[in-house]
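Quick notes on the structure that follows.
A short reminder: the numbers here are calculations on the coordinates, not readings from a lab. Here the structure is a predicted model, which is why all the values come from computation and not from measurement. Counting neighbours? That spans all protein chains shown, and the Cβs are built from the backbone with ideal geometry, glycine included.
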Amino acid sequence: MPKKCYRVRDFPQHRKPREKLLEKGEESLSDEELLAIILRAGYKGKNVLELSRHLLSRFGLKELGEISLEELMKVKGMGTAKATAVKAIFELAKRINATDSGPPVVDSPRKVADILWEFTGKKKEYFLVLYLNARNQLIGKEEISVGTLEQSLVHPREVFKPVFTLPASSLILAHNHPSGNPEPSQEDILITRRLEKVAEVIGVEILDHVILSSNGHLSMKERKLMKS
C-alpha cells in the first residue's frame, strides 16, 4: 500500500509553515518550511513540504538559486508560477547582498542617470555633483544650485569643497534640463570648462558632465565637449 501523502492543510496548526512563522517568527522555520511558503502548494502525490525537501536534497540551497528557470521547471510539480517565484526570491537576495557590499560604482553615464533619476522630471534646473573615491565608488552627492544654470550660480568653491572633506579622488558633474532636451547649451559648456580649469589646479579629475532630461541623458565626455 503506497504511503499516504497528507496535505499541509491537514497538519496540526503548529506544523503549518505559515502559522509557525506567525507564531514564532521566520527565524524558527527550517529551509524547507521557508521554501514551502514560497511554493504555496505541492502536487498530487507530494505535499508542498515534501516538494521543498525534494528540491533542497536534489540541488542544495545555494545551487537552487543558481540553476536556470528552464531547469527548475523540469522538476515534477514545478510549474511556471512556482519556478518564477523561486527565481524572484533568490534574485532579491542577490540584490540585497550587492547593496550591502559597499557604495555603488559609478562608471558610466547610465549609472549617473540611475542615481539621479528623480531630477529628470523637475521643473527647475538643479546642478549636482557626485563625488567618487579611487575605485569610482560614490561617497558623496551635493546639490550645488537650483535655478536657471549660469556661471554665477555654480561657484567652484561649493563644487570642490567636499573633495577635501570627504575626501574624493574624482567627481562627476550633472544637471537637468526641464525642457526635456538633453542637448548642452553654450552656458553648459562654459561652466564645464571653467570647472575643469579649477580641477586642474587642485589636482582632481572631472570624469564627466551628464545632462539629465525626461527624454534621456547625454554625456558631455562622450560628445567630446570636455578637455580630458
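DSSP bridge analysis restricted to the range 80-212 gives an antiparallel fraction near 65%, rounded to the nearest 5. Note on Y126, Y43, Y131: ascending count of other Cβ atoms within 10 Å places them as Y43, Y126, Y131, the fewest first. Using θ = phi - 60° in the Karplus curve 6.51 cos²θ - 1.76 cosθ + 1.60, the 3J(HN,Hα) couplings for the range 163-169 round to 4, 8, 7, 6, x, 10, 8 Hz; x is entered for Gly and Pro. Pairs from the table (K74/K111; K82/K111; K62/K82) lying more than 28 angstrom apart at Cα are K74/K111; K82/K111. The simple Förster model, with R0 at 22 Å and r as the Cβ-Cβ distance, assigns E19 and N97 a FRET efficiency of 0.15.
When DSSP assigns beta bridges and you keep just the ones with both residues in the chain, what percent turn out antiparallel, to the nearest 5? About 75 percent, rounded to the nearest 5. A Förster radius of 25 Å combined with the Cβ-Cβ distance from V201 to T165 puts the calculated FRET efficiency at roughly 0.90.
Counting neighbouring beta carbons within 10 Å and listing from fewest to most, the residues H217, H175, H155, H209 come out as H155, H217, H175, H209. Taking amide H positions as modeled 1.01 Å from N, with prolines and chain starts lacking one, the residues under 5 Å from L128 and 5 or more places away or on another chain are I144, A174, H175.
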